[in-house]
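Below: the structure, in structure tokens.
The values are calculated or read from the model by the stated rules, or taken from the named source; none is laboratory data. The structure displayed is predicted, hence computed values, not measured ones. Cβ sites come from the backbone with ideal geometry, for glycine too, and all protein chains shown count toward neighbours. To get the accessible areas, we keep the full protein, side chains included, count just its heavy atoms, and leave off ligands, DNA and RNA. Shrake-Rupley method; radii C 1.70, N 1.55, O 1.52, S 1.80 Å.
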Amino acid sequence: MEFQNLVHQARISSKDNHYGTALSRIRSALDLWRGAALSGVSGYFFEREAQRLEEFRLSSTEEMMALELTMGNHEHAVCELRKLLNAHPSRQRLAALLMLALHLTGRSVDALDVFMDLRNHMINHLGLGPDTAIKDLHQAILRADTSASPRHVDPPYALWRRLTALA
């Protein structure tokens, strides 16, 4: 599948610190996506496969947004991440990326609001709170920790490792 191949190539480029190439490849992969996966077919197998493909698309989108932050496209990332988080309010990785993007644009108070919105949503809809990694990011923003400042943005895979604990 061309989508999977481009995402794989993007990951290799990113690991080699070729972030511009990685971003271009992952954007190309996501540009191939049209509508819901396997729409129009039914059955248990197709529904499970559609869920798997949708999860792959969403996780690839999260990787793209991490690359956007790494490339310094913080304002663009804020806009896109807000849309994505509105569509998927329980995805902690999206919330963490939005918090980081807001913090990097000097809007730390808005970043803290994102955490509170996520926390309230999770407690009210899922009966549990956010994971440790996003709580740690919340605390770092509260402390104005320099590792979460505009002067220091992790390469996407270092950032990604910190955020992959968020499921």
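The calculated FRET efficiency for the pair TRP33 and MET71, based on their C-beta separation and a Förster distance of 22 Å, comes to about 0.55. Here the stretch 1-82 is treated as a sphere whose radius is the Kirkwood value from Cα pairs; by Stokes-Einstein at 20 °C and 1.002 mPa s it diffuses with a coefficient of 159 µm²/s.
How big is the Kirkwood radius of the chain, worked out from every pair of different alpha carbons and given in Å to one decimal?
Numbers: mean 1/r = 0.0605 Å⁻¹.
16.5 Å is the Kirkwood radius here.
Other residues whose C-beta falls under 12 angstrom from the C-beta of ARG119 contribute a net charge of -2, scoring Lys and Arg +1 and Asp and Glu -1. Relative to the dominant Cα principal axis of the chain, helix 19-31 is inclined by about 50°. If I fit a long axis through the Cα atoms of helix 74-87 and take the longest principal axis of the Cα atoms of the chain, what angle between them do I get, 0 to 90°, rounded to 10? Orientation of helix 74-87: about 60 degrees from the principal axis. Ellipticity at 222 nm from helices only: DSSP H runs of n ≥ 4 in the chain, each -39500 (n - 2.57), divided by the residue count, give -23500 deg cm²/dmol.
Determine the order of PHE45, PHE56 by accessible area, beginning with the largest, at a probe radius of 1.4 Å. Walk me through the numbers before you get to the answer.
Working: PHE45 135, PHE56 40 Å².
Reading off the accessible areas and sorting them downward yields PHE45, PHE56.
Fully extending the segment from ALA144 to GLU55, taken as 0.36 nm per residue of separation minus the present Cα-Cα distance, adds 28.8 nm.
Dipole magnitude for the chain: about 140 debye, using +1 per Lys or Arg Cβ and -1 per Asp or Glu Cβ, origin at the Cα centre.
Give me the number: length gained by fully extending VAL41 to HIS8, i.e. 0.36 nm times residue separation minus the C-alpha to C-alpha distance, one decimal in nm.
Using 0.36 nm per residue and subtracting the Cα-Cα distance, I get 9.1 nm.
Taking the C-alpha atoms only, the angle from helix 132-142 to the longest principal axis of the chain is near 40 degrees.
Of the accessible area of the stretch 1-99, with the probe set at 1.4 angstrom, what percent is carbon plus sulfur?
51
Toward the positive end of the charge dipole of the chain, with +1 on the Cβ of Lys and Arg and -1 on the Cβ of Asp and Glu, the farthest Cα among LEU23, LEU137, SER108 is that of LEU137.
Which whole-number value in Å² is the accessible area per residue of the stretch 1-139, probe 1.4 Å?
52
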